[in-house]
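So the structure is just underneath, and the comments pick up after that.
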Ligand SMILES: Cc1ncc(C[n+]2csc(CCOP(=O)(O)OP(=O)(O)O)c2C)c(N)n1
Ligand SMILES: [Mg+2]
């Protein structure tokens with residue numbers, strides 16, 4: 001695919017941030033910091049790499065994206081709506097009873113590839129997709145996004161060994177390395193450093209980037225495609241709550257939504273940033 005224009009992508013990311021904040025406020029609950037930290041990553045994967053057809057979401061030879069950190073789904077929902085998988089106005093039904101936009105992703109929503117939310121499972125799902133594609137002799141690429149706190153889950157490391165064992169070079173995983181998890185910094189709750197060395201020693205090709213730098217994300221995605229006989233891990237350094245001063249880097253913003261007053265303040269900040 002053609003490299004998207006960075007200026008346009010930056011504008012899109014800014015708009016998605018506003019959409020995420022707006023729908024979380026309307027819902028009155030949800031994961032604000034977690035969603036804001038992974039917007040550039042998800043937007044760039046969809047804009048630059050995924051072979052998809054929003055009018056035919058089940059297209060045979062489509063690529064796959066698995067949001068393993070399912071609680072960050074407002075970011076994914078806004079990206080899917082941005083690409084036309086469903087009408088944008090549906091976003092305002094986030095977390096309503098009966099809505100296809102639940103607080104954690106549920107299969108049935110057009111464009112969604114996996115139900116997630118119980119942390120630690122997404123990489124195993126992505127492994128299965130990548131292995132199935134190889135067995136079917138398809139050139140499908142599979143992308144997976146995990147949280148850094150999520151790597152406290154043992155299943156992540158079982159899946160890491162499996163992907164390396166099967167040399168899944170059609171698999172590219174990201175870690176949203178925002179240094180925070182549900183109720184504090186990773187280094188206090190359960191330290192997982194040195195994370196890059198751990199993945200390398202598990203047999204992965206590791207690329208370390210700034211996860212808000214669109215150019216670096218695109219370069220890493222290009223590099224990932226050139227790596228043969230190994231899965232690729234992109235360790236993306238991010239800021240939880242990125243873009244809104246009073247939400248950035250605050251553990252208490254993990255699982256709450258902005259009030260209407262906070263939303264107004266946040267939108268004002270994002271407006272100024274755009275200029
Ligand atoms: C198996 C499991 N245990 C606990 C939780 C509750 N939980 C939801 S988010 C979260 C923290 C995740 O932190 P991280 O992976 O760093 O994601 P971030 O929000 O920082 O992107 C936890 C413990 C869960 N969803 N699944
Ligand atoms: Mg985290």
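The values are calculated or read from the model by the stated rules, or taken from the named source; none is laboratory data. Note that the coordinates shown come from a computational prediction; the quantities given were computed from them, not determined experimentally. A quick note on method: Cβ atoms are made from the backbone with ideal geometry, for glycine too, and the neighbour counts reach across all protein chains shown.
For (1) surrounded by 20 or more Cβ atoms within 10 Å (Cβ to Cβ); (2) in a helix (DSSP H, G or I), each residue gets a yes or a no:
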site: 4; (1), (2): no, no
site: 8; (1), (2): no, yes
site: 12; (1), (2): yes, yes
site: 25; (1), (2): yes, yes
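Against the test of being in a helix (DSSP H, G or I) and either farther than 30 Å from residue 30 by Cα or away from ligand 1 (no atom under 16 Å from the Cβ) (or both), the options 203, 215 yield a single qualifying residue, 215.
So for the stretch 42-51 (the condition being touching a helix residue (DSSP H, G or I) at 6+ places or on another chain (Cβ under 9 Å), surrounded by 22 or more Cβ atoms within 10 Å (Cβ to Cβ) and part of a loop (DSSP other than H, G, I, E, B)), does at least one residue qualify? No, the stretch 42-51 contains no residue that is touching a helix residue (DSSP H, G or I) at 6+ places or on another chain (Cβ under 9 Å), surrounded by 22 or more Cβ atoms within 10 Å (Cβ to Cβ) and part of a loop (DSSP other than H, G, I, E, B).
Of the set (1) surrounded by 20 or more Cβ atoms within 10 Å (Cβ to Cβ); (2) over 24 Å from residue 219 (Cα atoms); (3) within 14 Å of ligand 1 (Cβ to nearest atom), all apply to residue 185 but (1).
Hey, any hits in the stretch 109-124 for a residue that's assigned to a helix (DSSP H, G or I) and away from ligand 2 (no atom under 16 Å from the Cβ)?
yes
Among the conditions (1) touching a strand residue (DSSP E or B) at 6+ places or on another chain (Cβ under 7 Å); (2) closer than 24 Å to residue 229 by Cα, residue 197 misses just one, which is (1).
For the stretch 130-155, give me the residue count where each residue is assigned to a helix (DSSP H, G or I), buried (at least 18 other Cβ atoms within 10 Å of the Cβ) and within 16 Å of ligand 1 (Cβ to nearest atom). Before you say what the answer is, go through the steps one by one.
Within the stretch 130-155, the first condition is being assigned to a helix (DSSP H, G or I), and the residues that meet it are 130-135, 149-152, 154-155.
If we keep only those that are buried (at least 18 other Cβ atoms within 10 Å of the Cβ) as well, we get 130, 133, 149-151.
Adding the requirement that they be within 16 Å of ligand 1 (Cβ to nearest atom) leaves 149-151.
Within the stretch 130-155, residues that are assigned to a helix (DSSP H, G or I), buried (at least 18 other Cβ atoms within 10 Å of the Cβ) and within 16 Å of ligand 1 (Cβ to nearest atom) number 3.
When we screen 223, 193, 158 for residues that are surrounded by fewer than 23 Cβ atoms within 10 Å (Cβ to Cβ) and more than 22 Å from residue 64 (Cβ to Cβ), the only hit is 193.
Looking across the stretch 203-214 at every residue that is under 22 Å from the mean Cα position of the chain (by Cα) and surrounded by fewer than 18 Cβ atoms within 10 Å (Cβ to Cβ), the one that is farthest from residue 164 (Cα to Cα) is identified as 213.
Restricting the stretch 105-114 to residues that are out of contact with any strand residue (DSSP E or B) (no Cβ under 7 Å at 6 or more places or on another chain) and surrounded by 17 or more Cβ atoms within 10 Å (Cβ to Cβ), the residue that is nearest to residue 165 (Cα to Cα) is 112. Restrict the check to the stretch 64-79 and report whether at least one residue is more than 16 Å from ligand 2 (Cβ to nearest atom), in a loop (DSSP other than H, G, I, E, B) and either within 12 Å of the chain's Cα centre (by Cα) or at pLDDT 95 or above (or both). Within the stretch 64-79, none of the residues are more than 16 Å from ligand 2 (Cβ to nearest atom), in a loop (DSSP other than H, G, I, E, B) and either within 12 Å of the chain's Cα centre (by Cα) or at pLDDT 95 or above (or both).
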